[in-house]
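What follows is a set of notes on a single structure, which appears directly below.
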Amino acid sequence: MATPVAAPPRSSAPRAADPSAPPNTRRAALPGASVRNVGDTTIRVLLSSTSQAARVASPNGVTLTNRDGSLIARAARDEVWHFEREGRRVRAVRPDGVPTVWTDAPIVARAVGAALLNIGGKPYRGDAAFYAGDTSVLVVNVVKIDDYLRGVVPLEIGTKSMSDSAAVQAQAVTARSYAYIHLGGDARRVYDVTGGVLDQVYGGVAAETPVSSEAVESTRTLVLKYDGRVVNAPYSSTCGGATAAASEIWRSNDEPYLQSVSDRIPGTERFYCDGAPRFRWTRTMDGATVNAALAQYLAAYTAVPGRKPGVARAIAVASHTESGRVGTLAISTDRGNFTLRGNDIRYVLRPPGGEILNSTYFSVEAVPAADGSIGRLTIHGNGYGHGVGMCQSGAIGRARAGQDFRTILHTYYPGTTVGPAE
Ligand SMILES: [Zn+2]
């Protein structure tokens, strides 16, 4: 059940696709030859820390074992048991309210026969382990990596068309690499990854689609490697014309395989991702919205005296990155001059409480009001997401143009190889 392999150091980086997350800049390889097939390795996925989710059932019943592996209870067919915590101990409770004794966590629930386990009302492959968190029961799905990927890949790339399968296969390889390098990283945690947006979004069996399950199966054992080591492979929705080197977006050194790559279709003025909804976009904000956004967000990203940035008088692109994105944005207000850098810009230029800016690949046009402050700010942008690594829309465009998943991965991650972990 628990990860049976020696663990690489935990990445400092949350999530491959998240715009706020730096990439994992640490490359890790498991020592020895203990893992033949990465996909058969077990991963521990935190599903929830709400008590509502701490419930199991299964059509043929469920066995419950303690941390020593001894059977402590058996749930009958479709009987829903729930779990409670007290300090570091947990117990299972039958539907009629009769509990087991308190036991040191975890209690592990396993479906009888080949049936799926229903956890918190949703079907999952693998087992469930229930731990005592600080304030609630932690629900962890203990599942083979490839079974986890079946519930990840469709949510991360979101296509169901067989004609896109090379793109989905590329996504499966990046997702498997991400899972692999997060195994056992933090000994203080009872899970390797979360099932939410901090890591890769995981929906269990309900999320599975034929095209993504086929992609997981047909890329079995394969991960992305650079210099012989498994690497984290960040990706984002739509690059807008060219991907970004990691240092353009995050405060990190460039990995040699995270360089800017053109998504232009050779010999044309078109791009592999130009069919995506946010390939080109415009956002317009009036002066009041701009000032409210600065007041709410600016101080989190640059020094703002008294946390009062004042009224904006000018906003301009001060420098560009290699791929043409905004490197630094200069903001002048009646209280001073401020500079924003890289991905931080996306978290400031947004309506209060609203969605972050689609990308840093944009130009700005500020129209002054009668008093010299900004009356209206128009942002003309390209793409959606941080832009580092694989462009998912471009991968789909390339798949439709006949490229296979290895070509797609080698293009977006120059110098990498695709192969088994050892
Ligand atoms: Zn692209």
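So, of the residues in the stretch 280-326 that are among the small types (Gly, Ala, Ser) and within 16 Å of the ligand (Cβ to nearest atom), which turns out to be farthest from Ile396 (Cα to Cα)?
The first filter runs over the stretch 280-326 and keeps only residues among the small types (Gly, Ala, Ser), leaving 287-288, 292-293, 295, 299-300, 303, 306, 310, 312, 314, 316, 318-319, 323-324.
Then keep just the ones that are within 16 Å of the ligand (Cβ to nearest atom); that gives 323-324.
Numbers: Ser323: 21, Gly324: 23 Å.
Per the stated criteria, the residue is Gly324.
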Any idea which residue in the stretch 245-279 is farthest from the ligand (Cβ to nearest atom), counting only those that are touching an Asp or Glu at 6+ places or on another chain (Cβ under 8 Å) and closer than 18 Å to Asn343 by Cα? Ser247
Flag for Gly397 being under 25 Å from the mean Cα position of the chain (by Cα), assigned to a helix (DSSP H, G or I) and not basic (Lys, Arg): yes
Number of positions in the stretch 262-301 that are touching a helix residue (DSSP H, G or I) at 6+ places or on another chain (Cβ under 6 Å) and part of a loop (DSSP other than H, G, I, E, B): 5
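Just to be sure, is Ser213 touching a Ser or Thr at 6+ places or on another chain (Cβ under 9 Å) and outside the structural domain of Arg341 (by TED's automatic domain parsing)? Walk me through it before giving the result.
Details: touching a Ser or Thr at 6+ places or on another chain (Cβ under 9 Å): no; outside the structural domain of Arg341 (by TED's automatic domain parsing): yes.
No; evaluated as a whole, the condition is false for this residue.
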Considering the stretch 245-259, residues that are in contact with a Leu (Cβ under 9 Å, 6 or more places away or on another chain) and under 13 Å from Ala233 (Cβ atoms), and then whichever is modelled with the highest pLDDT, we arrive at Tyr257
Working only within the stretch 93-111, note down all residues that are of a type in the set (A, V, I, L, M, F, W, C) and over 14 Å from Thr63 (Cβ atoms). Val93, Val98, Val101, Trp102, Ala105
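Out of the residues in the stretch 214-231 meeting the condition of being under 20 Å from Asp164 (Cβ atoms) and buried (at least 24 other Cβ atoms within 10 Å of the Cβ), tell me which one is farthest from the ligand (Cβ to nearest atom).
Val216
Every residue, every condition in (1) more than 30 Å from Thr407 (Cβ to Cβ); (2) in a strand (DSSP E or B); (3) among the β-branched types (Val, Ile, Thr), yes or no:
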{"site": "Gly97", "(1), (2), (3)": "yes, no, no"}
{"site": "Asn118", "(1), (2), (3)": "yes, yes, no"}
{"site": "Pro123", "(1), (2), (3)": "yes, yes, no"}
{"site": "Phe130", "(1), (2), (3)": "yes, yes, no"}
{"site": "Leu138", "(1), (2), (3)": "yes, yes, no"}
{"site": "Asn141", "(1), (2), (3)": "yes, yes, no"}
{"site": "Tyr148", "(1), (2), (3)": "no, no, no"}
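For Ile374, state whether it is within 27 Å of Ala179 (Cα to Cα), away from the ligand (no atom under 16 Å from the Cβ) and touching a residue at least 24 places away in the same chain (Cβ under 8 Å). Break it down into steps so the answer makes sense when it comes.
On the way: within 27 Å of Ala179 (Cα to Cα): no; away from the ligand (no atom under 16 Å from the Cβ): yes; touching a residue at least 24 places away in the same chain (Cβ under 8 Å): yes.
Criteria not met by Ile374.
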Answer with yes or no whether Pro351 is buried (at least 22 other Cβ atoms within 10 Å of the Cβ) and over 30 Å from Arg176 (Cα atoms). no
Considering only the stretch 378-396, state which residues are at positive phi and touching a Leu at 6+ places or on another chain (Cβ under 9 Å). Gly389
Output for the stretch 232-244, where each listed residue is within 15 Å of the ligand (Cβ to nearest atom) and not hydrophobic (A, V, I, L, M, F, W, C): Pro234, Tyr235, Ser236, Ser237, Thr238, Gly240, Gly241, Thr243
Here's a check for you: in the stretch 381-409, which residue that is more than 13 Å from the ligand (Cβ to nearest atom) and over 19 Å from Arg270 (Cβ atoms) is surrounded by the fewest Cβ atoms within 10 Å (Cβ to Cβ)? Asp404
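The values are calculated or read from the model by the stated rules, or taken from the named source; none is laboratory data. This one's a predicted model, so the numbers in the text were calculated from it and none came from an experiment. Cβ atoms come from the backbone with ideal geometry, glycine included; neighbour counts cover every protein chain shown.
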